[in-house]
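S.K.: One structure, as structure tokens, below. Some questions next.
Where a number appears in this text, it was derived from the coordinates with a stated rule and is not lab data. Since the structure is predicted, the reported quantities are computational estimates derived from the model, not experimental observations. So basically every Cβ, Gly included, is an ideal-geometry build from the backbone, and we count neighbours across all protein chains shown.
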Amino acid sequence: MILGITSSQLAAQVLAHLETQNGSALLSRLKSPQFRTRAADMYLQQKYPNVDGIVRNNARNVILSTLDTSTPPSNTKTTTTDSPDSSATPEQNATAMKEAGNVAFAAHDYQAALDLYNQALTFNYPPMLPILHANVAACALATQDYAAAVSAAQSCLALEPENLKALYRLASAQQQMGLVESALTSLTRGLELDDGLYSDKIKKKSIKAIRKAREELLNTLEEKQIESYSFSDEGKPKVKVYVSLEGVGMLPSDDVQVEWGRISMNLIVRGYKGKNLRMYAAELWSSINPEKCKLRIKPNMIVLTLHKAQNDGMRPWEKLRR
């Protein structure tokens with residue numbers, strides 16, 4: 001916390017900033033009757049996070065009151081949030097519209113935010129295009145226009161394939177549209193971008209949200225029993241089970257698991273073509289040694305190696321199950 005600063009002193013600093021060219025974008029937002037309070041709060045929280053909240057609130061009131069009773073600074077132009085400055089560069093206009101859209105979004109006026117982000121896109125400032133498309137997707141999700149959210153997220157990913165927010169929003173919209181398999185694919189793409197310990201704080205937060213969303217989606221999927229498989233036993237200590245599943249090797253390894261018991265086996269494949277698959281044998285033909293059994297995932301097949309228990313005499317198995 002910054003000690004000793006008063007609300008009047010803080011307001012004076014902000015008002016002095018508004019007199020500069022760099023303050024023109026903020027001044028434009030503060031002139032918007034609909035979003036001015038939120039814009040002031042956001043600016044003070046971002047620029048003065050260590051100042052006491054009461055001091056910031058009082059400073060905000062002083063700033064807005066001063067603007068209501070004074071003429072605009074001579075070296076800045078008063079523009080509405082939806083009126084671009086013809087003398088400004090594309091970057092400046094796009095930035096002003098984006099920031100105004102952020103204020104509208106924070107105020108839960110998603111349609112206004114959507115209009116502002118779309119207007120920012122018209123300035124075609126390349127470095128800002130991915131985030132603007134991602135923001136449009138967020139607005140479309142909030143207004144339940146899921147097709148538009150998919151389109152905007154895909155536009156962002158075309159420019160920035162590793163944008164985690166766009167992948168998350170794309171998956172959210174796809175799930176709402178009933179495109180479960182596509183949503184799982186989008187979320188899986190996000191998990192593949194996890195750098196583990198090397199990820200920064202923001203990326204870790206996004207990965208955590210994607211992982212949670214994917215887990216929740218997997219838990220809602222229909223479960224289907226695996227009926228088709230083959231096995232081989234030539235009198236050796238091992239029995240092999242082959243389950244053909246096209247493209248199964250593309251799944252994250254954690255989505256294919258098997259639980260071994262002394263006389264049982266439970267294979268689980270999660271998220272395969274929009275379903276959870278299970279192959280459960282409550283009573284195998286004979287007992288096995290769970291500690292020696294293995295799972296191997298190939299591109300189009302799962303191979304299970306079951307080790308027979310020594311006390312079973314290594315007799316050949318006639319079938320997989322009793």
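S.K.: Find the relative contact order for region 223-312 and round it to a whole percent, using C-alpha pairs within less than 8 Å whose residues are 6+ positions apart.
M.R.: Normalised by residue count, the contact order of region 223-312 is 33 percent.
S.K.: Between Rg and the Kirkwood Rh of region 165-223, both from Cα atoms, what is the Rg to Rh ratio?
M.R.: 1.00
S.K.: So if we plug the beta-carbon distance of Val258 and Leu159 into 1/(1 + (r/R0)^6) with R0 = 45 Å, what FRET efficiency do we get, rounded to 0.05?
M.R.: 0.65
S.K.: Select one label from [x] 18.8; [y] 22.2; [z] 17.1: the one whose number is mean projected area of the Cα convex hull in nm² as derived from the coordinates shown.
M.R.: [y]
S.K.: Quick check: residue separation of Thr66 and Glu216 times 0.36 nm, minus the Cα distance between them. What number comes out in nm?
M.R.: Result for the pair: 49.0 nm of gain on full extension.
S.K.: Let me ask you something else. Tilt of helix 53-69 relative to the longest C-alpha principal axis of the chain, in degrees (0 to 90, nearest 10)?
M.R.: 50
S.K.: Report for region 223-312 the percent antiparallel among DSSP-assigned beta bridges with both residues inside it, nearest 5. Kindly include the intermediate steps, with their values, before the conclusion.
M.R.: Values: 27 of 30 bridges.
Within region 223-312, antiparallel bridges account for around 90 percent of the total.
S.K.: Run the quick spin-label model on Lys292 and Glu234: label points 7 Å from Cα toward the beta carbon, then report their separation in nm to one decimal.
M.R.: 1.8
S.K.: Below 18 Å, Cα to Cα, which lysines can Lys201 reach? Residues fewer than 8 away in the same chain don't count.
M.R.: The qualifying lysines are Lys165, Lys212.
S.K.: Tell me, rounded to the nearest percent, the portion of alpha carbon pairs in region 223-312 spaced more than 15 Å apart.
M.R.: Values: 2288 of 4005 pairs.
The share of Cα pairs beyond 15 Å in region 223-312 comes to 57 percent.
S.K.: Sticking with this structure for a sec: Tell me the angle of helix 146-159 to the major Cα principal axis of the chain, expressed in degrees between 0 and 90 and rounded to the nearest ten.
M.R.: 90
S.K.: Rounded to the nearest 500, what is the 222 nm mean residue ellipticity of the chain from helices alone, with -39500 (n - 2.57) per DSSP H run of 4+ residues and division by all residues?
M.R.: Value at 222 nm, helices only, nearest 500: -14500 deg cm²/dmol.
S.K.: Could you work out how much longer the chain between Asn124 and Glu318 gets when fully extended? Use 0.36 nm per residue separation minus the Cα distance between them, nm to one decimal.
M.R.: So the extension gain works out to 62.9 nm.
S.K.: Need the C-alpha centroid separation for region 249-286 versus region 47-64, integer Å.
M.R.: Computed from Cα coordinates, the inter-centre distance equals 58 Å.
S.K.: To the nearest 10 degrees, how steep is helix 36-47 against the longest Cα principal axis of the chain, on a 0 to 90 scale?
M.R.: With rounding to tens, the tilt is 70 degrees.
S.K.: Something else now. Ordered by residue, what ³J(HN,Hα) values in Hz, to whole numbers, does region 203-218 give under the Karplus form 6.51 cos²θ - 1.76 cosθ + 1.60, where θ = phi - 60° and Gly and Pro are x?
M.R.: 3J(HN,Hα) across region 203-218, in whole Hz: 5, 4, 5, 5, 4, 4, 5, 5, 4, 5, 5, 5, 4, 5, 5, 4.
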